[in-house]
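Taken together, the values in this text are just the output of simple stated rules run on the coordinates, not laboratory data. Note that the structure is predicted; figures quoted are calculated from it, not measured. Ideal geometry is used to build each Cβ from the backbone, glycine not excepted, and the neighbour counts take in all protein chains shown.
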Amino acid sequence: MKGPTHSWVALSALIAASVLPAHAANDSADFYNKKQITLVVGYGPGAGYDIYARLIARYLEKYVAGNPRFVVQNMDGAGTLRATNWLYNAAPKDGTYIGMVSGNIPLNEALKMNGVQYETAKFNWIGNPDSANRTTIVMASSGIASIDDLKKNGDKAICGGPGATTQSIQFPQIMNNLLGSKMRIIAGYPDGNSVSLAMERGEVNCRAGNSWAGVKAGSPDWIKNKTINVIMQWGLDTNPEVDAYMGHHVPLALEYARDADDRGAIGLLQSSVTVGRPFIAPPGVPEERVAALRRAFDAVMVDKQFLAEADKLQLDINPLSGERLQQLTEDIANAKKSVLDRAQQLSELKDVGK
């Protein structure tokens, strides 16, 4: 696990210094006193999101003014689209319901994906604990160990994932559209854990969108026994642990951009990596309660006991503040047309079956 960077610590201190007026802080504490906050997680129990959510929820109880009790509720379906739509359209707007959803939700709206019933910029973004790189992995038994291998024998890779809006489905399709590879893509698995089990059963042999920490925590024997190969990374900088595991440079998706529109489109398509595993509150929650939730999240991210527990669970902690997430969603919404057009070309689903 990577701890918070110096820039994050400095940012947290700066944000924390921006204290709400005393009456607003008191109003928030009074409201949350003896209340329950339900954290709706868009994936099923036991998946990576669920592990993060339950750990963070325990510490939020300590830092939210008024010390409300947190309860985690799983609402899986369509790559967190079900939970996201529910939070936007049906959840109470008083701060007693928040969610942890896919980092894809701003991009899904920008690309006009089917089923989107929300405006991401109207959500209140609380924070993201994990902006670490994502990976595309294949079983070593496939004979694919690099992008060159993939271009020659891509049909030997069968990637599994949940719904069409998830990184597990979108990233392999982007690779096919960008590289001309011919990976087969199978949608319909309940969550990432189900994909990993399907890999062990031999139903599929490829998974995209998981962090390296998630691979280590969820399937440590794969690392120990060199069962998998990492063929691509998604993010702004390579993860040296991934390169060390493979014994060579594992390229970033951005390295395959051919021009400025490609770079912009790939940056947009992998913005979900930076958005990560976001905590959001519905539109309309009073500002002082949003601020209380954001400051509590910031405090959890630098809590030494929390970081020690996350380390034991091999969870990446590379946080992004709610304010930064709010700005990022606005940037995604305002992407220029040529970049959006290219992003739609690269993400067009052609090779997905069930």
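On a 0 to 90° scale, report how tilted helix 337-347 is relative to the longest principal axis of the chain, with both axes built from alpha carbons and the result rounded to the nearest 10. The angle comes out at about 60 degrees. Once the convex hull of all Cα atoms in the stretch 247-319 is built, its volume per residue stands at 142 Å³. Positive-end ranking of Val230, Leu252, Ala299 along the dipole of the chain, with charges on Cβ about the Cα centre, is headed by Val230. Each label point was placed 7 Å from the Cα along the Cα-to-Cβ direction; for Ser338 and Asn67 their separation is 5.8 nm.
Mean residue ellipticity at 222 nm, helices only, the chain: -13500 deg cm²/dmol; runs of at least 4 DSSP H residues each add -39,500 (n - 2.57), and the sum is divided by the number of residues.
Relative to the longest principal axis of the Cα atoms of the chain, the long axis of helix 260-269 lies at roughly 60 degrees.
Only aspartates and glutamates eight or more places from Lys337 in sequence, or on another chain, were considered; those with a Cα closer than 15 Å are Glu109, Asp261, Asp262. Summary of packing: across the peptides 338-344, 289-295, the per-residue average of other C-beta atoms within 10 Å ranks them, highest first, as 289-295, 338-344. With axes computed from alpha carbons, what is the tilt in degrees of helix 287-301 against the longest principal axis of the chain, rounded to the nearest 10 within 0 to 90? In the chain, helix 287-301 runs at an angle near 60 degrees to the longest axis. The label point for Met246 and the one for Gln345, both projected 7 Å from the Cα toward the Cβ, are 2.6 nm apart. Above 35 Å, the calculated P(r) of the chain contains 20 percent of its Cα-Cα pairs. Most tightly packed first, judged by the mean number of other beta-carbon atoms within 10 Å of their residues, the peptides 31-37, 158-164 read 158-164, 31-37. Dipole check for the chain: with +1 at the C-beta of Lys and Arg, -1 at the C-beta of Asp and Glu, and the Cα centre as origin, the magnitude is about 480 Debye.
Gyration tensor over the Cα atoms of the stretch 121-237: the corresponding equivalent ellipsoid has semi-axes (square roots of 5 times the eigenvalues, largest first) of 23, 17, 14 Å.
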